[in-house]
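A quick write-up on the structure given underneath.
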Amino acid sequence: SLPIDDIRRLADLHQKPRHLHFQYGTAGFRTIGENLESVMFKVGILAGLRSKRLDGHTIGVMVTASHNPEPDNGVKLVDPRGEMLEASWESHATALANAADTDAFIEVLKNLVKTLKIDLSKPSRVVYARDTRPSGPALVAALEDGFTALGVEARNAGVTTTPILHYLVRAINTKSTKDTYGDDSVEGYMQKLSTAFKKLVAGKPASPPLIIDCANGVGAEAAATLSKYLGESLPLILLNTETTTPGALNHACGADFVKTQQKIPPSLSSHIKAGQRACSLDGDADRLMYFYLDDRSQFHMLDGDKIAALVAAFIVDLVKSAGLENEVRVGIVQTAYANGGSTKYLSERLPVRCVPTGVKHLHHAAERYDVGVYFEANGHGTVLFSPETQATLAEHQPSTPAQSTALNHLINLTQVINQTVGDALSDMLLVEVVLAHRSYSGVEWDSLYVDLPNRLVKVVVPDRSIFKTEDAERRLVSPSGLQARIDDLTRKYEAGRAFVRPSGTEDVVRVYAEARLRAQADELAYRVAGLVY
Ligand code: NG1
Ligand code: ZN
């Protein structure tokens, strides 16, 4: 049975602040770090229960608030294959987090054990990590109390990136099996990525050093380690690596800044020269934005949509060259935020699906293709090779040297890509591989298609729950009549497209608009926002 005395004693130390309500949303629990202690303790216990439910397989816990401001923090669980927590458990997490006091919490726990048929005699194993936020150590201590309360075998992965934690979960759970994913250490991960990368770029002209804006976050440490493994194969210049300077994290830098401001982080301007490219990570290194300055020093952004277009076209060509076009179908998954220019370009070449915001939706849709490429416009994404496709690649007998080369490239791509979750550093290597193979600079990559000018605005409303959507969040069903008014407005703009949806991570409604001309996209966004307000 549950160790009630231990749970009660420790739960009393981590009381829920009375006035707060918590919600396990698209990014787990996320709010001001100071408010999260009780949640962390409970998540520690929940992770242990999930492990017991899954026969002692290792569950991951990541403490991060990604691209959000430094005072925020958050926590999410990672399932044994390195994927997001199964959706049905999100409501269990929410129920536990909102139990008002220790008695109520123990009641909810007992109910969960009963309804989920959890065998408490099973072992429970968890691996956990945090990003560089100042609130991290105290929150991790509360999490560890949760592990202690249930008697979880917990492994501390220290301060590391979200995608590395996902990798570790998968590597631990596949250790000494035929599906082994790599050595379960940061070094194992770096070794895996860099070995595959070096094979993929062998014989290509040396790349000029690549500037990485590390958002003053945990990506700085991971990138420094990766750089050692890459050596001459890809020289890196790391900027915004101030992980201990108060207030620096994600401040006027990082992938979210680049995407939302559509400009170069000021801290980079003196480092990047005309014609050069660079990239930005977010605060936990799972989002990646590229950009370059043209020869007139004009800024151009290469976002998740551009990455998807670059990578998908490359994989399609390799599949053809390997003689596998009848066996291996490549498809794309996007969200409503994908630029209309990218959707047009991609759908002329490949099957494209649109799904609601949130990695779990993208990931699951991508699993339905033989090779599923998914990227959010904000730079979060990866490529999934189905188990059948990986077997096909391993068994296929190429009939020409060209087929053999293409096949090896595909196999190496499965190694350089973090298939558990989007990983800025792995995605960066992937982009650099394609650029090297295509002999593209930023200019040629950018010219695959032209982005429609677009504008994203936030609207604070009294109650965002009245906004309900359909058609992958592209249309509103409630408040009634609002969608018709948005349609009327949108029709007036050439290539106009606009949609409204409630944010899953902030207490706001988001309005997105695009149109042929910059001024029109801005005007449409502000007029739609006016309808919402
Ligand atoms: P919300 O707040 O639901 O729009 C944001 C991002 C998502 C996704 C999640 C999870 C935008 C417009 N939205 O979601 O794409 O990354 O955070 O972190 O960028
Ligand atoms: Zn992130």
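Points to keep in mind about this one:
- When only alpha carbons are used to place a centre, the range 461-514 and the range 356-374 end up 23 Å from one another.
- Cross-link table Lys259/Lys360; Lys228/Lys259; Lys110/Lys360; Lys42/Lys114, entries beyond 19 Å C-alpha to C-alpha: Lys259/Lys360; Lys228/Lys259; Lys110/Lys360
- Between the range 72-108 and the range 274-300, the Cα center-to-center distance that results, in Å: 37
- Aspartates and glutamates whose Cα lies under 15 Å from that of Lys468, excluding same-chain neighbours fewer than 8 positions away: Asp507
- Relative contact order (%) - the chain, alpha-carbon pairs under 8 angstrom, separation at least six: 12
- The residues packed around Gly151, meaning those with a beta-carbon under 13 Å from its beta-carbon, carry a net charge of -2 if Lys and Arg are +1 and Asp and Glu are -1.
Where a number appears in this text, it was derived from the coordinates with a stated rule and is not lab data. All values reported here derive from a predicted model rather than from experimental measurement. Glycine gets a Cβ as well: all are built from the backbone with ideal geometry, and neighbour counts include every protein chain shown.
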